[in-house]
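Written out below as structure tokens is the structure these notes cover.
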Amino acid sequence: MTTTKTKRILALDILRGITICGMILVNNPGSGSVFAPLEHAQWSGLTPTDLVFPFFMFIMGISTFISLRKYNFKPEGNTFRKIVKRTLGIYLVGLLICWFAHFCYYWGKPDTSLSFWQQVEQAAWVFPTLRLSGVLARLAICYGLTAIIAITVNHKSIPYLIITLLVGYFLILMLGNGYCYGPDNILSIVDRAVIGLPHMWDDNNVDPEGLLSTISALAHVLLGFYIGKKLLSGHLFETEKIETANHSPFPKQILFLLLVGAVLTFSGFLLNYGCPINKKVWSPTFVLTTCGLASTLLGLLIYLVDLKGHASWGRFFEAFGVNPLYLYVQSDIFAILLGAIHVSNGSSTLSLHGFCCDQLLAPVFGNYGGSLAYALLFVLLNWVIGYQLYKRKIYIKL
């Protein structure tokens, strides 16, 4: 098998680390009050929190191009096996985390009328209500489909496929009451029929990682893939500058990212009047806007980090960026344990999460400040482990 070696883009690791760090931060606030920018939009709209997951998916598209380019995008059996293995691995880890959460939280309020082994069985038997969708499930499915498309479809056809997916999904939303916040939404109807309500995230019966919204999520990752292809189609960073009226100091790859970012972001906000930006339904305008902002940020980071060498500030995030999915899974496990393990608090008990927030941080920093302090300390806890892996060049891939 012929392989092609690609120079590593440090800015990509840093941006990937920023997104994972952001995902851990917003997923693990303290109890009670949360600053508005650290919460998702209730329905349509966009907050900084709504950017972190789509930014990661955009980067996943670029990373998929880089990883498959080593095999020249040939649809060989070994390549298919690696794609399927990674897809199933990520998806099964997501299911395992859901199972682990149910098992641990059961012991907070166990059925004392049962014997110990009956309680173990009760805690472990979660399959009738195990959530089948979720963040890792979406990542797995979109990665798998993108990778298979990348090795079986002419790359010149990918932009047309992206447009078809987004326009088709827009029509589904418009014809199926897709912006209704409730069970009459076509997304909810399909999820209830195919997945089943017990296996959904019951957010008024609209699952934010449901089946139909995978259509636009796939377009999202494919857009990242194609932008990665255009970015890396020539020399990674050409020393020759583009001659413009202003004598631009930017290489053409960075100008490409900034231009694409501006066009996509502007298009997303412009089309928002007829197709609202909405993360929970992963609307086409949500795809355009978040991919545009991610492209712009990546262009700026490449300029600062890879071209100008200002990388020292990004070391913190790089530790997250080189082991992204492992650290995300690790943070989920820590969060489950902190929520499930209880400590005595006078006549009652508190989870470790509640004890840290209510008894230690809130009295010092207030409700909002304590919530933020807990989230930051939680990120730092995960970083300490991630940094040790980074320093020892240990890369755990899912």
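Distance from the Cα centre of the range 85-115 to that of the range 302-321, in angstrom? The range 85-115 and the range 302-321 have Cα centres separated by 37 Å. Of the cross-linked pairs Lys156/Lys252; Lys70/Lys156; Lys82/Lys393; Lys82/Lys229; Lys74/Lys397, not one is separated by over 25 Å at the C-alpha level.
Exposed loop positions in the chain were taken to be trypsin sites (Lys or Arg not before Pro) whose DSSP state is not H, G, I, E or B and which have at most 16 other beta-carbon atoms within 10 angstrom. Between these positions, the longest stretch is 71-240. Helix 158-175 versus the longest principal axis of the chain: what angle, 0 to 90°, nearest 10, using Cα atoms? Relative to the chain, helix 158-175 is tipped by roughly 50 degrees. In the chain, excluding the sites themselves, the longest stretch lacking any of the GluC sites (Glu not before Pro) that are in a DSSP loop with at most 10 other Cβ atoms within 10 Å is 1-239.
Can you tell me the orientation of helix 135-152 relative to the chain, as the angle in degrees between its alpha-carbon axis and the longest Cα principal axis, to the nearest 10? Here the helix axis deviates by roughly 30 degrees. Recomputing Rg and Dmax of the Cα atoms in Å from the coordinates shown identifies the correct label among (i) 21.7, 67; (ii) 22.2, 81; (iii) 23.4, 71 as (ii). Here the range 329-395 and the range 184-230 have alpha carbon centers that stand 30 Å from each other. What is the range 1-110 by shape, rounded, prolate or oblate, if you read a ≥ b ≥ c off the alpha carbon gyration tensor as root eigenvalues and call it rounded for a/c under 1.5, prolate for a/b larger than b/c, and oblate otherwise? Judged from the Cα gyration tensor, the range 1-110 comes out oblate (a/c at least 1.5, b/c at or above a/b).
Values quoted throughout were computed directly from the atomic coordinates according to the rules given, and no laboratory measurement underlies them. Nothing here was measured: the structure is a model prediction, and the numbers come from that model. FYI the Cβ positions are ideal-geometry reconstructions off the backbone, even for glycines, and counts take in every protein chain you see.
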